Amino acid sequence: MIETQARPNRSSVITDRVVTSLFVIGPAVVLAIAIPLLWGQAVSLHDLVLAAVFYLVAGFGISVGFHRLFTHKSFTPNRPLKFILAAAGSMAFEGSVTSWVANHRRHHMFSDQPGDPHSPHRYGSGTLARAKGFGYAHIGWLFTPDVTNKTRFVPDLLKDDDIVTATRLFPVFAALSFAIPFGIGWWITGTFTGALTALIWAGFVRMALFHHVTWSINSICHMFGTKPFKTKDQSTNFAPLALLSLGESWHSYHHANPSSARHGVLPRQVDLSAGLIRVLERAGWATRVHWPTPAPATL
């Protein structure tokens, strides 16, 4: 039996689907409304800088925090760093730390097999089946009831008071990821229009872009690219996403060695998340880092 958690009731399913629709479709709706209203207002440099900064904050919160730290224990953080990464990952608006980690650990346990929450290979190998699977792995799985049992998959996090607090504060952190850009835009320009453009670019556009990058690891990186390492699933490396994903798209080695703090281990593979972990290690904030061997075996 794959899961032991009770099936969610109908009202919770409807609520989950409404919330999911808001953060999946919401940014596109906001842009469709805002662009005509702001037509002729050129995007400013501070909008783009804010968008880049918040992309990196939330992105590293997911890649270094939710993924390499909380899911796979790739290093040991000090207490401030642990909470900072939990808060930063929450600002990506991809769910609380316990929900995100539970689903990802379940993904690794059943990768591309029955029980995987977002495998693109669930419908078969034909062209139509692969297309349907791609859509499911990229977005469709978000609209299915979440039956991942947190007691089973994240018992360690449920015992950590800091993580429990960060989980409870998820709505606050998620709201701040939009409120802060709006406030900074108002502070810089002194106008509502300046605050709104900052919110659009550093809030909604940033969020939508990073969401699709994250979902691409589930879809593209299990269907396309190269497979230099031996794994039991269909995980691949997909170089075009390396920078935007902060190193997460070197997915073949990650599934071969999930606890490694570095995913891009071959020559010329840029892994910005591993670079940040190295900086944190040298600063003394991260210890017992699981670095890969100098020459990992390839197929």
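Among the residues of the range 190-213, are any part of a helix (DSSP H, G or I), modelled with pLDDT of 95 or more, touching a Gly at 6+ places or on another chain (Cβ under 9 Å) and among the β-branched types (V, I, T)?
Checked against the condition, which is being part of a helix (DSSP H, G or I), modelled with pLDDT of 95 or more, touching a Gly at 6+ places or on another chain (Cβ under 9 Å) and among the β-branched types (V, I, T), the range 190-213 yields at least one hit.
Could you check K82 against (1) among the charged types (D, E, K, R); (2) within 16 Å of I217 (Cα to Cα); (3) at pLDDT 95 or above and say which number it fails?
(2)
I'd like the full set of residues that are in a helix (DSSP H, G or I), surrounded by fewer than 17 Cβ atoms within 10 Å (Cβ to Cβ) and basic (K, R), limited to the range 72-90.
Listed by number, the list holds a single entry, R79.
Identify, from the list V289, V265, the residue that is surrounded by 20 or more Cβ atoms within 10 Å (Cβ to Cβ) and over 20 Å from the mean Cα position of the chain (by Cα). So that I can check it myself, show each step before the final result.
On the way: V289 fails: surrounded by 20 or more Cβ atoms within 10 Å (Cβ to Cβ).
Answer to the selection: V265.
Condition (residue is modelled with pLDDT of 95 or more and either in a loop (DSSP other than H, G, I, E, B) or out of contact with any Phe, Trp or Tyr (no Cβ under 7 Å at 6 or more places or on another chain) (or both)) applied to the range 37-46: is it met by at least one residue?
Our first condition is that a residue be modelled with pLDDT of 95 or more; within the range 37-46, this holds for none.
Looking for residues that are modelled with pLDDT of 95 or more and either in a loop (DSSP other than H, G, I, E, B) or out of contact with any Phe, Trp or Tyr (no Cβ under 7 Å at 6 or more places or on another chain) (or both), one finds none in the range 37-46, hence no.
Can you tell me how many residues in the range 154-187 are within 20 Å of the chain's Cα centre (by Cα) and among the aromatic types (F, W, Y)?
Of the residues in that region, 3 qualify.
Determine if the range 221-244 includes at least one residue that is in contact with an Asp or Glu (Cβ under 9 Å, 6 or more places away or on another chain), more than 19 Å from S119 (Cβ to Cβ) and not in a helix (DSSP H, G or I).
yes
Would you check if there is a residue in the range 143-150 being at pLDDT 95 or above and farther than 22 Å from V53 by Cβ? Walk me through how you get there before you give the answer.
Kept after step one, since they are at pLDDT 95 or above, are these residues of the range 143-150: none.
Within the range 143-150 (the criterion being at pLDDT 95 or above and farther than 22 Å from V53 by Cβ), the answer is no, since none of the residues qualifies.
The values are calculated or read from the model by the stated rules, or taken from the named source; none is laboratory data. Predicted, not measured: the structure shown is a model, and the values here were computed from it. Neighbour counts are summed over all protein chains in view; Cβ atoms, including those assigned to glycine, are modelled from backbone coordinates with ideal geometry.
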